[in-house]
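First the structure, in the form of structure tokens, and then the observations on it.
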Amino acid sequence: MKMDHMTILFILLLFAFIFLLWRYSELRGKIEERAWQLFEEWRDKELEKLSEQKAEMLFEDWKRKYEKKIRKDAIEKSKSVIIGKITEHFAPFLPEFKYNPKDARFIGSPVDFIVFDGLDEGDLKKIVFLEVKTGKSPLSKREKLIKKIVESKKVEWDSIRLGND
């Protein structure tokens, strides 16, 4: 059985066409897959951007609603702190102060006063670490540590001599 050139050419073209269709379907799948991947990446970025914008809008709305209240609260706290600081300095001259003001030494931090009870009269009875509080303000962590050490009598005297005389 002898084939002519046209038949051979037709068969070759048919095989080429089938091969191209097969490659096209393979490439088409990869193209569609890549297109879907790019779409998903774009969608995720857009959703993230929209979420951030929404969160920012909600935060700005919250700030607008509560800014006055927050400012008022900050001012009240600031007033309390200022009143507390002023009260600390004047405490020795208030009726609640049970020591001689001349025996009190303001240090401010980590406690407000050290009181040398009776020193002005020449009869030192005790040394008192005194913290002044106003309202319901509690002792700070550092103040509690100092109170604990004083109460456990872990207090000492030390002196330091400077110079080479």
### Task
For Ala35 and Ser152, calculate 0.36 nm times their separation in residues minus their Cα-Cα distance, and state this gained length in nm to one decimal.
34.6 nm
### Query
How far apart, in nm, are two points set 7 Å out from the Cα along the Cα-to-Cβ line at Lys79 and at Arg23?
8.5
### Task
Report the calculated FRET efficiency for Trp42 and Ile70 (r = Cβ-Cβ distance, R0 = 35 Å), to the nearest 0.05.
0.35
### Message
If I stretch the segment between Trp62 and Phe93 completely, what's the gain in nm (0.36 nm per residue apart, minus their alpha carbon distance), one decimal?
### Response
6.6 nm
### Summary
Projected onto the charge dipole of segment 67-130 (unit charges on the beta-carbon of Lys, Arg, Asp and Glu, signs +1, +1, -1, -1), the Cα from Val81, Phe97, Ile70 with the largest positive-side position is that of Ile70
### Solvent exposure ordering (accessible area, 1.4 Å, most first) of Asp112, Asp123
Asp123, Asp112
### Task
Step through the table entries Lys79/Lys136; Lys77/Lys148; Lys79/Lys133; Lys102/Lys148; Lys125/Lys153, compare each Cα-Cα distance with 19 Å, and write down the pairs that go over it.
Lys77/Lys148; Lys102/Lys148
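The values are calculated or read from the model by the stated rules, or taken from the named source; none is laboratory data. Only a predicted model underlies this, so the values are computations on that prediction, with no experimental measurement involved. Every residue, glycine as well, gets a Cβ built from its backbone with ideal geometry; the counts of neighbours run over all protein chains shown. Side chains included, ligands, DNA and RNA excluded: accessible areas come from the protein's heavy atoms. Shrake-Rupley method; radii C 1.70, N 1.55, O 1.52, S 1.80 Å.
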